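A short write-up of the structure that comes next.
The values are calculated or read from the model by the stated rules, or taken from the named source; none is laboratory data. Everything numeric in this text was worked out from a predicted model, so none of it was measured. All Cβ positions, even for glycine, are placed from backbone atoms using ideal geometry, and neighbour counts span all protein chains on display.
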Amino acid sequence: MNTKIQKYTKGCGLSYTAGFFPTLCMIEKRPEIVKTIYVAKEAVNTAGFRKIESLLGRDKLVISDIAVEKLGSKGNDHVIGVFATQGNDRLRADTDHVVMVNPMDMGNIGNAMRTMLAFGYRDLALITPCGDYLNPKAIRASMGAFFSIRCQEFSSFDDYIKAYPRPFYPFILQTDRTLSSIQTLPAGNIAIVFGNEATGLPPEFRIPAGIRIEQSDDVDSLNLTTSIAVALHDFRYRIKRV
């Protein structure tokens, strides 16, 4: 075991977790991709370290303040998990999908993964160009959810829907059809579609199936991850499939 200590660059084949909780999620969910766990000296006698050691053994553990400081970003991470990136998982065809069209903020992508997992969604389609979902910033924002999510990139929404044909419901502002007005949807797997943080979805998504989340006139719109949370909660727990 000899993983070179280097900052993340896209396409390098490695990425990082920061902190005990996401690192433990990685070890528990995807032990086969773990390369090295760097631990700060002051964290060696903690319960988190003992948990990692019990799951992984000592072979991949390295006590190194230098590595933690170099690879961490907040100064109080204490543990950094290095893992091999594979990228572009195949989505499952028999589940509902979340589709993000051109999301550029890596924190939003990670937060979306966390929100998805909270409401039982595990398949995420990203339409490029988009932020790098393998970047440690996205991994950190997901708080470990990354390791339970299947994520696949597509060069266009058309490519996605050809690969996974299904009804889709875009969230847009330019419609009178509100989320609260929807009580039922036809049975079967669907795609729930969200747009870019700044511009939303392009005009071609202004279709009868489009949905708007009600809000007051005091703000222009909800931020992306808030919209995803509201929508996924309703689709999972309130709207019936008939």
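Quick look at the values:
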quantity: Helices (runs of 4 or more DSSP H) contained entirely in segment 78-166, each with at least 1 residues that are crowded, with 21+ Cβ neighbours inside 10 Å, of a type in the set (A, V, I, L, M) and not assigned by TED's automatic domain parsing to the domain that holds THR46; calculated: 106-118, 136-142
quantity: Near pairs, Cβ below 8 angstrom, 6+ apart or cross-chain, from segment 181-196 (in contact (Cβ under 8 Å) with a residue 40 or more places away in the chain) to any residue that is in a loop (DSSP other than H, G, I, E, B) and aromatic (Phe, Trp, Tyr); calculated: ALA191/TYR164
quantity: Criterion violated by THR226 - all others in (1) part of a loop (DSSP other than H, G, I, E, B); (2) farther than 19 Å from PRO129 by Cβ; (3) not charged (D, E, K, R) satisfied; calculated: (1)
quantity: Condition met for GLY195 (among the small types (Gly, Ala, Ser) and surrounded by 14 or more Cβ atoms within 10 Å (Cβ to Cβ)); calculated: yes
quantity: Test result for PRO136, within 30 Å of GLY81 (Cβ to Cβ) and touching a residue at least 12 places away in the same chain (Cβ under 8 Å); calculated: yes
quantity: Top-ranked residue in segment 28-64 [being over 20 Å from GLY144 (Cα atoms) and polar (S, T, N, Q); ranked as surrounded by the fewest Cβ atoms within 10 Å (Cβ to Cβ)]; calculated: ASN45
quantity: Sole residue being farther than 26 Å from LEU224 by Cβ and touching a helix residue (DSSP H, G or I) at 6+ places or on another chain (Cβ under 9 Å), chosen from ILE66, ILE80, ILE109; calculated: ILE80
quantity: Matching residues in segment 21-57 - criterion: being among the aromatic types (Phe, Trp, Tyr) and either within 18 Å of the chain's Cα centre (by Cα) or in a loop (DSSP other than H, G, I, E, B) (or both); calculated: PHE21
